[in-house]
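The values are calculated or read from the model by the stated rules, or taken from the named source; none is laboratory data. Given the structure is predicted, the values throughout are model-derived calculations rather than measurements. Cβ placement follows ideal geometry from the backbone for every residue including glycine, while neighbour counts extend to all protein chains displayed.
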Amino acid sequence: MMKPQSYYPWHSCPPYGEHDWIEPLAATHGPGTVMKSQSYYPWHSFPPYGDHDPTELLPITHICQYKESIKRKYEHRNESSFSSERVSLAALYTEPVIIQKNKKGRFQNINVEELFNKSDMHMYYPASVILQGNSGSGKSFISQKIILDWASGNPYLRHFNLVFYLRCEELKCLSAEMNLIELLSWNCGLSSDQISKMLQNSSQRVLFIIDGFDDLRFMHCELCISSKLQKAPPEVIVYSILSKRILPRCVRLITTRTEVPQGMLLKGHQRFTEIVGFSEKGVKEYFQKFFQNEELFRKAYECVRVNETLFTACSIPVICSIICTVMRERFSDGADVTSGLETTTSIYLDFVSTLLESHCQGLSQSVPSLLRSLGQLAERGMLEQQVLFDEKTVYDTISDSADKPFLFKFLLRRKIHQETMFGFMHFSFQEFFTALYYVLLDEAESQRKVRELLHTVERAWALSCWSERDFSKADVEVRHANLLQPVILFLCGLCKKEWISSFFEKHNMTLSINIETQLKEWIHQCSQIYHNEHMLFILHCLYELHEKSFVGKVLEHLVLIDRFNMPLKSIDGWVLKYGLKCCEHIRTLKVESSDSQSKQSSEHAEEFKPEHVQRDDEDKRKNTYSYYLMNMFDLSSRFVCPHAGQFKCSLTSLVFVMASEGEVLYRVVSWNPGLLDGLGQMKPAGPLYNIDCFNGSVSGLHLPHCEIFCEENKDNLAVAHFTSGNVEIMNPLKVTESHVIIDIRDLSHFGILKRMIFPPSPVIAQVLLFLRPITVKQSENILDVHLLPWNVPLSKVKDQHTENTHIKTSSKCSLIPESEYHLCCQPEESTVQPASETFECNYGPNYHPTFEVFVDVNKEEIVLSLLDKTEREVWERRRIPLTGITSSEVGEPRAKRLTECEFVKKHRDVLIRRVSSVMTIADGLKTKDMIPDEIYSKVHALEPRQEKTRLLLDALHSGGDTVITEFYKLLKNEEPHLVDELMSGPSRPQQF
């Protein structure tokens, strides 16, 4: 029989145990060591907190004592639930994957040492760090590692003079009022006087680790205190720290299972991070540390690695530890180490079975009675949001007086005594035993409790749709329901009779037979109502039920699963895969992995050069695209997207977020003055794009803007969506330095709007130069000068002035709309008209020159600059070479550089003969999924090399211009001398 306090198989829950941590520390250990207080302030820009003499000596001895007590508590711990052997925390710790959104909106992996941003800590009011993770992800273990690292002098925490670790589940057990000093004295064992002195000198460099925010009761901000000497319940003190009513300059690390509501008491800057779980490398490392014996490690790891279901489940730290524990027990028994471990529920049930068989023999009560008692205790905790239970509650519920299996015991320090408290070995077991309790009750009571549970969760889902609920009673219900959701998952798993029947039969227990029907009806109903917001949770329920026919029924009308803007954990990917496997009719899955690029960034979009589509070409396509909206009188751009991702047009800088492959057609159209009249102070701030996509695979747009990036300008931008004669004003998901980002559901006209302010703010602009062709009769060159916003595509201006020569020069400048500017030209005998002109944000589709410059035809260059009304140069002087058509060249076509597609088509025969890197190019095309596997195999098998190239070139034609362009890029990279040689000769395209 085993002692209850030794059940700690994983690192997310430490043994509390009886240790000297709970005893007050002596005031000094030998002679005191002193140090001038100012040497403890690396942040010289901020004065020490409080009105004290800066030369006062810091109580270094007290801090050293405190650090030593931390090391005694956390440096070593039980190796596992079945062993009293103590090992170091460092030997057990395995780093999980932690993600954070950076300033550019991209998800990035960070490690524990990067949780505390040095720049944040230098702020007058440092940022709060929110660390979210599901039950069993390792939040508490990370918290313990941080405080131990600080006590051990780890460099990444050197900025903190003090670190306090507050476990919210413990604080809830304290009913007496106290002040902050007394609370910290209770928490760490130092005297109130010692705490007071340390805080007085170190308040700017204090870190509070508040572990388990979910366990705190909700309270209103008016209950918070404003002095560290004011008495209040411990929970009020913690809320006062969170809201910066006391110690406003401290840094806070808050761990939580659920998302932190927007209106909660946290004030100031906040950084949100999330524990995703173990990576594949992390799983291997954990197995190695757990088994220690190299042979056992190899054997166990290989068994799990080849079982994709189990290997995915091991990404959750607590489940990884359970699986390791079960496997080690099975190794000793000679049993099949992985049989029956399919779903999360089956893994937990097998662990409970293993524990009952191996370590809980000789209990005074029967197994059914014990499980019901544990379930009753667990349910009470779930409903009352209670993690720790006093001794009387436990003994009244569980009759066995000697042992309390599945519980740990620790001593809670009171003012004048210690109290024995109990808790489940891990919170996830409290969830599991609650579900088990419900299925072991009689039929009527079981159905009643499950019905109440489902109602509570569904009501919270409805409340979560409220747009303005603030941190109110509704938020409290939503948070509580989120904590109850895992109970539903375990209930679904306990309905899978094929996997659990042997356990219940062995212990002569019966299950409620109607719960499965009850759950299925609720899941089916919710899938119709909440098919977007809560579909991932519904898919997890379906996975635990593991009934293919029912999965098909629930998802029969679902054609799209959209998780693109939310990172997925490994286990989420696994349940999505299971859902897709059961429902082959689901055509589109939009996902984003936890370490992939966020769609809220334009930097890493794959660039493409679009094809131009003439009106007659488009008319031929109308049978295919019958819904196409445009009667075109100019060029449209066409892009054939090969796969999901982000794609940036090289001509317009417009970025398409694609959920899957598809064909996109887009062009610049005129803003409708009639519709703009009703928008008040909102004016166009970018081109209006008419966008269409055959299969609707565009899920988002990044529209380029020309604003000088600042918070005020960001807030003034919106997007107009014109459809069916109406206009919808859309708030951006995000505004970056270059783009306005939106999600879209349907396509038509989109353009950026700006709320006009007075006086107008400057924008990024461009000065474009076009030289008109001259004839024999002309004695002057005419140069057209266009002043345009930066986000007007150069290609669109060139398309309207094809007869003119665009003169390339550095064109970027900053101009103020509605302001006057004039052009200065040398030589002075040149003529500029008009003398001055007002800069207006013209977004097409017609682009007329702002100025015309008349220059003697014999002049080979001029000098231009642009000035404002005060004669300040806003576009500095530039030498402009005049490279137009001379009189002798009139009537002759100007030399035209071949496009990539034209180059490949023209030089087809030469390429067949001379390309030597054909397989390298084919590899590159295959990597980007631009040629089918069948074609690649044929190219690989053909001989000689010329035939390989011939077949590959033939295959390019079916892929369109995008594939041909990619072939050109790969060729230029591999054989640049061949490309340069062929490009220098005369050109005329030939057809494939």
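Worth pointing out:
- Selection status of TRP574, under 29 Å from TYR437 (Cβ atoms), modelled with pLDDT under 85, aromatic (Phe, Trp, Tyr) and in a helix (DSSP H, G or I): yes
- Region 711-734, subset among the aliphatic types (A, V, I, L, M) and out of contact with any Phe, Trp or Tyr (no Cβ under 8 Å at 6 or more places or on another chain), residue farthest from ARG667 (Cα to Cα): LEU733
- Yes/no for LEU753 being of a type outside the set (Gly, Ala, Ser), in contact with a helix residue (DSSP H, G or I) (Cβ under 8 Å, 6 or more places away or on another chain), over 25 Å from PRO881 (Cβ atoms) and surrounded by 18 or more Cβ atoms within 10 Å (Cβ to Cβ): yes
- So GLN766, is it out of contact with any Asp or Glu (no Cβ under 9 Å at 6 or more places or on another chain) and under 30 Å from CYS825 (Cα atoms): yes
- Selection within region 289-343 - of a type in the set (Gly, Ala, Ser) and either out of contact with any strand residue (DSSP E or B) (no Cβ under 7 Å at 6 or more places or on another chain) or not in a loop (DSSP other than H, G, I, E, B) (or both): ALA300, ALA313, SER321, SER332, GLY334, ALA335, SER339, GLY340
- Of residues in region 778-788 being touching a strand residue (DSSP E or B) at 6+ places or on another chain (Cβ under 9 Å) and modelled with pLDDT under 90, the one surrounded by the most Cβ atoms within 10 Å (Cβ to Cβ): ASN781
- Flag if GLU818 is touching a residue at least 40 places away in the same chain (Cβ under 8 Å), over 14 Å from LEU768 (Cβ atoms) and surrounded by fewer than 16 Cβ atoms within 10 Å (Cβ to Cβ): yes
- Qualifying positions in region 93-115 - modelled with pLDDT of 85 or more, in a loop (DSSP other than H, G, I, E, B) and surrounded by 15 or more Cβ atoms within 10 Å (Cβ to Cβ): TYR93, THR94, GLU95, PRO96, LEU115
- Residue selected from region 789-814 under the condition more than 20 Å from VAL863 (Cα to Cα) and aliphatic (A, V, I, L, M), by the criterion surrounded by the most Cβ atoms within 10 Å (Cβ to Cβ): VAL792
- LEU184, sole failed condition from (1) at pLDDT 85 or above; (2) surrounded by fewer than 19 Cβ atoms within 10 Å (Cβ to Cβ); (3) in contact with a Phe, Trp or Tyr (Cβ under 7 Å, 6 or more places away or on another chain); (4) not aromatic (Phe, Trp, Tyr): (2)
- Some residue of region 905-924 being part of a loop (DSSP other than H, G, I, E, B), of a type outside the set (Val, Ile, Thr) and modelled with pLDDT under 85: no
- Flag for PHE287 being surrounded by fewer than 20 Cβ atoms within 10 Å (Cβ to Cβ) and farther than 23 Å from TYR578 by Cα: no
- Within region 299-313, residues that are basic (Lys, Arg) sit with their Cβ atoms under 9 Å from residues that are surrounded by fewer than 21 Cβ atoms within 10 Å (Cβ to Cβ), at 6+ positions apart or across chains, in these pairs: LYS299/PHE291; LYS299/PHE331; LYS299/VAL337; ARG305/GLU280; ARG305/LYS284; ARG305/PHE311.
- Checked against (1) outside the structural domain of PHE854 (by TED's automatic domain parsing); (2) at pLDDT below 90; (3) not in a loop (DSSP other than H, G, I, E, B), ILE741 passes all but condition (2).
- Test: residue in region 344-361 that is more than 30 Å from LEU484 (Cα to Cα) and in a helix (DSSP H, G or I): yes
- Note on region 494-516: among residues that are part of a helix (DSSP H, G or I) and among the β-branched types (Val, Ile, Thr), the one that is surrounded by the most Cβ atoms within 10 Å (Cβ to Cβ) is ILE515.
- Single residue of region 356-401 satisfying the filter (under 40 Å from the mean Cα position of the chain (by Cα) and among the polar types (S, T, N, Q)) that is modelled with the highest pLDDT: GLN376
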